[in-house]
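I have placed the structure first, in the form of structure tokens, so that the comments after it can refer back to it.
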Amino acid sequence: MRRSTMRREPTPDPAAQTADSGQTIHDNHPRLAVTVLCAAGIVVALMQTIIVPLIPALPTMLHASPGNTLWAITITLLVGAVVTPIGGRLGDMYGKRLMLVLSQASVAIGSVVCAISASLPLFLVGRALQGLGFGTIALGISVMRDIVPNRKLGSSVGAMSASLGVGGALGLPFAAAIAQNLSWHTLFWICAAAATLGGVGIAYLVPGSPIRTGGRFDILGALGLALMLACLLLPLSKGAAWGWTNPLTLGLLCGFVVVAVIWWFVERRTRNPLIDLELAVERPVLLTNVASIATGFAFYSMQLIPIQLLMAPTSSPEGVGLDMLQASLVLAPSGLLMFLFSHISARITAVFGPRVSLAIGGVVLGCGYVVFLVALVGPWRIQWWLILVVSALIGAGLGIAYSAMPALIMRAVRVEQTGEANGVNALMRVVGTSTSAATVGMILTWSTITVTGADGAAVPVPGQTGYLWAAAISLAACVLSSCLALAIPSKPIRVEEI
């Protein structure tokens, strides 16, 4: 019989471990390996945003209806959400470096398939393969715990976490520039080359870890998790198009509840479960994961709101009138600030602990939304530089918060569970971003007004009421994240089986 006991335990020193290549991991900081891992994380993050500038052209490119081509976004999100915790568990069992190489290979192959596609079905296959690489950031963080000395672990993990923001922020202008000046095929060929280089770099420059959990892979648990996430994420991402009262939407949400209950009881009785649920409900892990959902919600709201405001015609009350490339360049610095503040987060964590870092990150995020709300209700007209300020605050807050989350997870779990635990935490961020996409998308659609565009045509844009409600709800998510962070125990706790 399994039972949990709580006790404090020092983190194993990676310097004393021996890599699977037979080499000893010394106390020297493996900067090159960390750089390669961060670059691989940026490549994967790019896969989430490079599709955005292509959305208006997808029906023509792939000879399909606009409603069907939106699956190019949905299928990548769904596959990525499913594979992230599964990849983390497989990394713990069979080697994190191996799973990282396979992740980059999937992105490379998927990019090639997209590049040669001339029809929607083949393009969706490529996008699904790209989604298989989404576990890279969680796996990279877990590898760093094995190969990076403790004195440099915080900054390295922070840089890996920030690669999500860097890739996301740079993806829009990068994709817009390539698509406008070359072709969309070239865009995916470049992604394939980048992923290939990432895989080769990981294989040759990242030390392997000797830490393995072994055991049998929980296939039934993986299938149940995939079904559960499909029933949740599909209605969240497609509910606005299907209708929130549509029988399909309601049926999938009910199916999620049923499958989740069954999966929970089955996993509790499995000898080697995909996810250790006893660990998942322990206070440090549970509070960190719920805070991750709230932070992910606040993060993605600011991905959805500014781009629409910046690209709205100046004839609309809040429109700035920029094109896609100009708007993307205004938002790009947020990703760079996220990277910079991930290092500041490491210093805060070293002095005050990761829960304080997470709380501060939530406060800085909230400040960004406060500035945005003040700008909306003020007598002045919103300018692009004001959105730049708001975006900078959001980037700084995310850099602090996202860097603290892995630190909180890693001090609460055993070293051989790092991949699994970080995978679940990354999944919680996806749940937060998906919920934000559904909620904010619904609010902005509900508030839509029609204005006259530059060419005289009628253009539907969100109204001020929608922006206000979306920003207010996101501000509440920031407050919730900070409160949950402060409720996390201040001292590291381990959960062990005896």
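For the range 261-302 and the range 406-453, what is the centre-to-centre distance using only Cα atoms, to the nearest Å? Distance between centres, Cα-based: 13 Å. Each of P247, S316, V266 was scored by the projection of its Cα onto the charge dipole of the chain, and the greatest displacement toward the positive side belongs to V266; charges sit on the C-beta of Lys, Arg, Asp and Glu. Of the peptides 298-310, 438-450, the order by per-residue mean of other Cβ atoms within 10 Å, starting with the highest, comes out as 298-310, 438-450. Relative to its residue count, the range 72-212 spans a Cα convex hull of 105 Å³ per residue. At q = 0.21, 0.30 Å⁻¹, what is the log10 ratio I(q)/I(0) for the range 109-171, with the Debye formula run over Cα points and no solvent? One equal scatterer on each Cα of the range 109-171 leads to -0.84, -1.11.
A simple packing score, the average count of other Cβ atoms within 10 Å per residue, orders the peptides 257-263, 188-194 as 188-194, 257-263, with the highest score first. Peptides 471-477, 198-204, 166-172 ranked from most to least packed give 166-172, 471-477, 198-204, packing being the mean of other C-beta atoms within 10 angstrom over each peptide's residues. Over the chain, DSSP H runs of length four or greater, each weighted -39,500 (n - 2.57), average out per residue to a 222 nm ellipticity of -25000 deg cm²/dmol. Per residue, the convex hull around the alpha carbon atoms of the range 218-271 comes to 55 Å³. In terms of other Cβ atoms within 10 Å, F265, F256 run from fewest to most in the order F265, F256.
Pairs of C-alpha atoms in the range 40-110 farther apart than 14 Å represent 67 percent of all such pairs.
Cα extents for the chain along the principal axes, largest to smallest and rounded to whole angstrom: 70, 47, 47.
Overall, the chain carries a charge dipole of about 900 debye about its Cα centre when +1 sits on the Cβ of Lys and Arg and -1 on the Cβ of Asp and Glu, all other atoms neutral.
Just so you know, all these numbers are worked out from the coordinates, no wet-lab data involved. Fair warning: this is a prediction, and the values are worked out from it, not measured in the lab. Using ideal geometry, Cβ is built from the backbone for each residue, glycine included, and neighbour counts are taken over all protein chains shown.
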